[in-house]
Amino acid sequence: MGYEPNELPTALSRDIVIEDTNFISNDKYRAELLCTFVLLKIMKEHKSGFVTIIGNPNVGKSTLMNAWVGERLSIITSKAQTTRHRILGIINGEDFQLILSDTPGVIQPNYQMQNSMMDFVKGAIEDADALIYMIEIGETKMKDNILFSRIKKLKIPLIVLINKIDKSNQDDLKISIKHWKNKLPDAEIYPLSALTGFYIEEVFKHLIEKLPIAPPYYPKDQLTDKPERFFVNESIREQILEHYDKEIPYAVEVMTESFEENEKIIHIRSLIYVERQTQKGILIGHKGSAIKKVGIGARLTLQSFFGKKVNIELFVKVNKNWRNSSSQLKRFGYQN
Ligand code: GDP
Ligand code: MG
């Protein structure tokens, strides 16, 4: 039975103890070996990194990000300054994770909110493993010279994308490529059309090659860093950009107060802030006719985004001069 002559028979049999220990340590050893192997394999083959898209307003940055992610994460309109925040779009593959940052268009700031928007751009450049500078065909310069000199000095790979070639021709494209090759000799330059999808897959493959070897930063099923309410706010703002002119879309901020989801439907209640009483009147319209269109449009977008029925209640409030108020900008997520 494996007992020494002077051991009491009540003690555990030595054979069993030894066998057990062996069993545990072998198993543990094997598990550790497997973990190391898997980790090494991931480390060796998995690529992961941050890529930031910058450029002047309206060149198609958000269109490209949405096309690559396959979801409408960033709102898109024909108006400038549609994107106000840095929005992450995470693109996952078996052996890569590319974390894209869509950013507000580069402008010379006129008020505090625009300062914050440009801070988002600068922050996104600092974090990047590679930078995409998107231009629209025919464009010859960035709207901020200082920022342009900064990107020239960056040590990370720089990719210039000449977008909207669907509405151009070969001759103009040649001129554009020559112009940008001169201005940014170290950059790789590719023409594409974010809207029609022309050459976007090819550019994506080039990008993956530029990523460092690293494990994923986010869970592989995650698409973005922003919460659901952010997309609600943005969809409402998108409708306002579509339906109103002049200063209204720029004076507006949206805050979703409640987002209640059950199996069948999502109930949403959002506040729309404007800067002045007159803007409130315009936004609501005669007997609420204008704001009703905003609600209907946002509901349709969100129903397809969340894949569920949506019910939205909208309220309009005046919040004087919020675009120049630090406390309000903090509250709306433009400043820390
Ligand atoms: P952003 O301000 O740089 O994010 O630009 P958006 O993605 O919001 O796009 C601005 C406008 O340009 C929208 O009306 C888009 O539909 C349009 N657009 C974007 N990409 C293309 C493209 O490749 N070709 C054409 N013709 N229009 C585009
Ligand atoms: Mg945009």
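We did not get these values from a lab; they are worked out from the coordinates using the rules stated. Note that the structure is predicted; figures quoted are calculated from it, not measured. Here the Cβ positions follow ideal geometry from the backbone for every residue, glycine too, while neighbour counts run over all protein chains shown.
Cα convex hull, the chain: 214 Å³ per residue, rounded to a whole number.
Sorting the segments 92-101, 108-117 by their mean number of nearby beta carbons within 10 angstrom, highest to lowest, gives 92-101, 108-117. Of all DSSP beta bridges confined to the chain, the antiparallel ones make up roughly 35%.
For the pair Lys153 and Glu228, label points projected 7 Å from Cα toward Cβ lie 4.6 nm apart. Applying both filters, DSSP loop and at most 15 other Cβ atoms within 10 Å, to the trypsin sites (Lys or Arg not before Pro) of segment 42-93 gives Lys79.
Among the GluC sites (Glu not before Pro) found in segment 247-336, those both in a DSSP coil and sparsely packed, with 15 or fewer other Cβ atoms within 10 Å of their Cβ, are Glu247, Glu263.
Within the straight-line cut-off of under 20 Å between alpha carbons, the aspartates and glutamates reachable from Lys320 are Asp245, Glu247, Glu253, Glu257, Glu275, sequence neighbours fewer than 8 places apart in one chain being disregarded. Normalised by 2.2 N^0.38 Å, with N the number of residues, the alpha-carbon radius of gyration of segment 228-331 equals 1.05.
Counting charges near Lys181 (Lys, Arg +1; Asp, Glu -1) among other residues having Cβ under 11 Å from its Cβ returns a value of +1. Each label was represented as a point 7 Å from its Cα along the Cα-to-Cβ direction; for Phe198 and Gln335 these points are 4.5 nm apart.
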